[in-house]
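See structure below.
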Amino acid sequence: MPPMSFIGLVTSAGKMSKTATVTVTRKIEHPVTRKLIERSKKYLTHDPEEVLRVNDKVLIRNCPPVSARKRFKLEKIVSRPKAIGETNASVSP
């Protein structure tokens, strides 16, 4: 398999041991109407440290099979949404 890497959004994490579901969305042009259509595919991704949370934007890369359906591993976390109550400014009393 040639080297492949995708950027996608974590849609499920913490339900399976060391595994997260990443949805990769791409845009293609319809052959007749020439309009852009979104196509998405879900990949099971190996997350050995279990650091991924839902809605993280991640870079995944293909690897040798880890299990029957896992063919990708976590390369890096591109961005992570802020948690509720998390702020950048520090307030001093």
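Residues in the stretch 37-44 carry Karplus couplings, in order, of 10, 8, 10, 10, 9, 9, 10, 7 Hz; the curve used is 6.51 cos²θ - 1.76 cosθ + 1.60 with θ = phi - 60°, and Gly or Pro positions show x. Remark: the chain carries 76 Å² of accessible area per residue (probe radius 1.4 Å; ligands, DNA and RNA excluded). Charge dipole of the chain (Cα centre as origin; +1 on each Lys and Arg Cβ, -1 on each Asp and Glu Cβ, all else neutral): 440 debye, rounded to the nearest 20.
How much of the accessible area of the chain, in percent, comes from carbon and sulfur atoms when a 1.4 Å probe is used?
Details: 3760 of 7040 Å².
Reported share for carbon and sulfur atoms: 53 percent.
Across the stretch 64-70, rounded Karplus estimates of 3J(HN,Hα) from the backbone phi angles (6.51 cos²θ - 1.76 cosθ + 1.60, θ = phi - 60°) give x, x, 8, 8, 4, 10, 8 Hz, Gly and Pro being marked x.
Considering only Tyr43, Thr33, Phe6, and ranking their Cα positions along the charge dipole of the chain that arises from unit charges at the beta-carbon of Lys, Arg, Asp and Glu, the one farthest toward the positive end is Thr33. From the coordinates of this entry, log10 I(q)/I(0) by the Debye sum over Cα atoms at q = 0.11, 0.16 Å⁻¹ is computed, and it appears in [x] -0.41, -0.71; [y] -0.33, -0.66; [z] -0.39, -0.79 under the label [x].
Ordering Met4, Met16 by how much accessible area each has at a 1.4 Å probe, largest first, what is the list? Mind showing how you got there, number by number?
Details: Met4 60, Met16 85 Å².
The most accessible residue leads, giving Met16, Met4.
The values are calculated or read from the model by the stated rules, or taken from the named source; none is laboratory data. Just so it is clear, the model here is predicted, and its values are computed rather than measured. Quick reminder, even Gly has a Cβ in these numbers, built from the backbone with ideal geometry, and neighbours come from all protein chains shown. Keep in mind that these areas ignore ligands, DNA and RNA; they rest on the heavy atoms of the full protein, side chains included. Shrake-Rupley method; radii C 1.70, N 1.55, O 1.52, S 1.80 Å.
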